[in-house]
Amino acid sequence: MRFLLTLFAAAALAGAASAEPLYGIAMHGDPALPPDYSHFSYVNPDVKKGGEITYGVVGSFDALNPFVLKGMRSSARGTWEEEIGHLVYEPLMQRSRDEPFTLYGLLAETVEWDDERSFIQFNLNPDAKWSDGEPVTPEDVIFTFNLLDEKGRPPYNRRLRQVEKMEKVGEHSVRFTFNENADRETPLIFALMPVFPEHAINKDTFDTDTMAVPVGSGPYLIDNVEPGQSIVYKRDPNYWGKDLPSMVGFANYDKITVEYYLQNSTLFEAFKKGAVDVYIDDDPGHWSRAYDFPAASNGSVVKDEFKPAIPTGMQGFVFNTRRPMFSDPRVREALSDVFDFEWVNRTLFDGVYQRTESYWQNSQLGAYGNPATDSEKALLGEAANALDPAILAGDYAMPVTDGSGADRKVLGAAVKLLGEAGYKIANGKMTGPDGSPLAFEVMTTSSAQEKLALAYQHSLKLIGVDLAVRTVDDAQYQKRLNTFDYDMIILATPGFWYQSSLSPGAEQVWRWDSRSRDVEGTFNFAGIANPDIDRMIADMLAARSTEDFTDSVRALDRLLVNGHYVLPLYHRDGQWVARWQHIAHPEKTPVYGYQFPTWWDESIQ
């Protein structure tokens, strides 16, 4: 789909429908900060900028363009991401990480919309500049949406399907008028879109020359690239947005380096030597026992625990329901019940984890601990009758074993459930209705995943199910993920699992909706195509009141849990990050947890 650029003179717009320009917008309610806010609450506004930081990540990269399928999961970290920051490209608006879903001005100084959210108009900041000094224009915004529509990866290449008309308004504004495919979240999603410079991009090679050094509007320039090994960013001394309230306290280093390592153990050794400045730790045993080296003992290395206020999300083994052996939910449920969490938690993780029972656990949005209200049951309709009564009542929980690794009661119940699905044990093997053994493969990409898979393999073997564990390199893993070429995967590594927010929205389409099932590069790893789930996502996106929104998210949670698409693993309270002492962070932890882009180099203060 291509959209023509329509030029409107100011006089022609005099009678056009409009609204008061807004400094910020929220999915529900109003922005928490006033129009004259000076900075976000979780930054240090007085930080002295300078110094440097080195991040370490596991994997490799062969692209600088994260917006096309080729570079989707193999692009260099930092050009466009939440954890390290939008260093090169910027969105139209900046998201506050201390509110559920609220955006404030960045490239767009203000916005306009109506109560129905039938349109949004982005009024660009006239001071916004590209790193080469050229101004950011409405034409750039329109060019970006058209280019991503033609050559971008999901979900960027589907944005214009929600647009009736895209037009330039006046000298500095772009207006999107939405069609029936849009919902109430759509304007906010558009506000989080990146913007590209039309004059500096070859649209013919945009999706093939993925190592082209980009021109962006962000606070950093790419200084040096060693493909697959490292990327270095340097501060842009002419960055246009450094004094914006939404950027105060961000982008505090003169130099940012991202080093790549093949294994997490190698990354940690580099951290111990000071070659890497921060280390995200997700292994309880490692967190409690690995910091016995001199720098940690003398205080040069500091261990921090942060307490976000967000739902647990879901880490787990994901069944690819595109595979015939996983098409029956009874099979998925039985195979999930076999996993001995109590044994794994004790033997591998020192007992620090709690079992995850739902996708929005530990929040009012979650089904676990919250019985369905009458309004939620009405929303579910006939689908409520197909739910496990315990799930509807909010007290459903995964089986609790005796922690022995071979709980006969739990294993027996799983065998019985498999029997209801037509399976039986013959010659020591779990055999399906067609006489073939129940066997499948889990694809892993790290030693931590291997440990989990081997523990699961042990439990499955007790009921005659064969699980093969295949560990592949990062490049093969990403390729197979993109094409859904696996039986089962594990989503339980930092930054790569089903994270949940206090304002779930369109990302749920790309995880669970039938529209994403067969689209390469989406996050519908389980291959779900369920009309009731589609309906709950649609209701969630259309909800106006907090009550309706909560009902729809809880209903979606119940349907996902009832479908047994993921074998739930665990969660713990807090986030663990170790850092060298010269790297400092603000005192306040925002709702969504620590924010690396707000940290700084204390050695230059």
Report, by residue number, each residue of the stretch 414-429 that is at pLDDT 95 or above, outside any strand (DSSP E or B) and more than 35 Å from the chain's Cα centre (by Cα).
-> VAL415, LYS416, GLY419, GLU420, GLY422, TYR423
Pairs returned, first residue in the stretch 404-431 that is within 17 Å of ARG332 (Cα to Cα) and outside the structural domain of ILE463 (by TED's automatic domain parsing), second residue that is loosely packed, with under 13 Cβ neighbours inside 10 Å and polar (S, T, N, Q), beta-carbon separation under 6 angstrom, 6 or more apart or interchain, are none
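Quick grid of which residues meet (1) without any contact (Cβ under 8 Å) to a residue 60 or more places away in the chain; (2) within 30 Å of GLU450 (Cβ to Cβ):
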position	(1), (2)
TRP497	no, yes
LEU502	no, no
GLY505	no, no
ASN530	yes, no
TYR565	no, yes
VAL577	no, yes
PRO586	no, no
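Kindly indicate the residue of the stretch 144-179 that is acidic (Asp, Glu) and in contact with a helix residue (DSSP H, G or I) (Cβ under 9 Å, 6 or more places away or on another chain) and also nearest to MET536 (Cα to Cα) among those meeting that condition. Show your work before the answer.
Our first condition is that a residue be acidic (Asp, Glu); within the stretch 144-179, this holds for 149-150, 164, 167, 171.
Next, from what is left, pick out any that are in contact with a helix residue (DSSP H, G or I) (Cβ under 9 Å, 6 or more places away or on another chain): 149-150, 167, 171.
Details: ASP149: 27, GLU150: 30, GLU167: 32, GLU171: 41 Å.
Of everything passing the filter in the stretch 144-179, ASP149 is nearest to MET536 (Cα to Cα).
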Could you run through the stretch 78-92 and say how many residues are buried (at least 22 other Cβ atoms within 10 Å of the Cβ) and out of contact with any Gly (no Cβ under 6 Å at 6 or more places or on another chain)?
-> 5
Restricting the search to the stretch 227-272, which residues are on the phi > 0 side of the Ramachandran plot and surrounded by fewer than 19 Cβ atoms within 10 Å (Cβ to Cβ)?
-> GLY228
Just give me the residues in the stretch 153-179 being modelled with pLDDT of 95 or more and assigned to a loop (DSSP other than H, G, I, E, B), in sequence order.
-> GLY170, GLU171, HIS172, ASN179
In the stretch 430-503, which strands (runs of 3 or more DSSP E) lie fully inside it and hold 1 or more residues that are charged (D, E, K, R)?
-> 439-444, 466-471
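Which one of GLU99, GLU112, GLU139, GLU82 is assigned to a loop (DSSP other than H, G, I, E, B) and either within 22 Å of GLY521 (Cα to Cα) or over 19 Å from the mean Cα position of the chain (by Cα) (or both)? Write out each step before concluding.
Details: GLU99 fails: either within 22 Å of GLY521 (Cα to Cα) or over 19 Å from the mean Cα position of the chain (by Cα) (or both); GLU112 fails: assigned to a loop (DSSP other than H, G, I, E, B); GLU139 fails: assigned to a loop (DSSP other than H, G, I, E, B).
Selected residue: GLU82, the only one of GLU99, GLU112, GLU139, GLU82 that is assigned to a loop (DSSP other than H, G, I, E, B) and either within 22 Å of GLY521 (Cα to Cα) or over 19 Å from the mean Cα position of the chain (by Cα) (or both).
Filter the stretch 138-164 for residues that are among the charged types (D, E, K, R) and without any contact (Cβ under 8 Å) to a residue 60 or more places away in the chain and give the result. Explain how you work it out, then say what you get.
Of the residues in the stretch 138-164, the ones among the charged types (D, E, K, R) are 139-140, 149-151, 153, 158-159, 161, 164.
Answer for the stretch 138-164, where residues must be among the charged types (D, E, K, R) and without any contact (Cβ under 8 Å) to a residue 60 or more places away in the chain: ASP140, ARG158, ARG159, GLU164.
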Output the number of the condition that PHE525 fails; it satisfies all remaining conditions of (1) at pLDDT 95 or above; (2) assigned by TED's automatic domain parsing to the domain that holds GLU342; (3) out of contact with any helix residue (DSSP H, G or I) (no Cβ under 8 Å at 6 or more places or on another chain); (4) farther than 25 Å from ALA384 by Cβ.
-> (3)
Are any residues in the stretch 181-231 closer than 22 Å to PRO154 by Cβ and polar (S, T, N, Q), and if so, which ones?
-> ASN181, THR186, THR205, THR208, THR210
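Of the residues THR401, THR471, only one is over 28 Å from the mean Cα position of the chain (by Cα) and either crowded, with 18+ Cβ neighbours inside 10 Å or polar (S, T, N, Q) (or both); which?
On the way: THR471 fails: over 28 Å from the mean Cα position of the chain (by Cα).
It is THR401.
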Subset tally (residues that are under 30 Å from THR373 (Cβ atoms) and of a type in the set (Phe, Trp, Tyr)) for the stretch 384-427 | 1
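The values are calculated or read from the model by the stated rules, or taken from the named source; none is laboratory data. The shown structure was predicted, so the numbers you read here are calculated from the model rather than taken from an experiment. Note: ideal-geometry Cβ built from the backbone for every residue, glycine included; neighbour counts use all protein chains shown.
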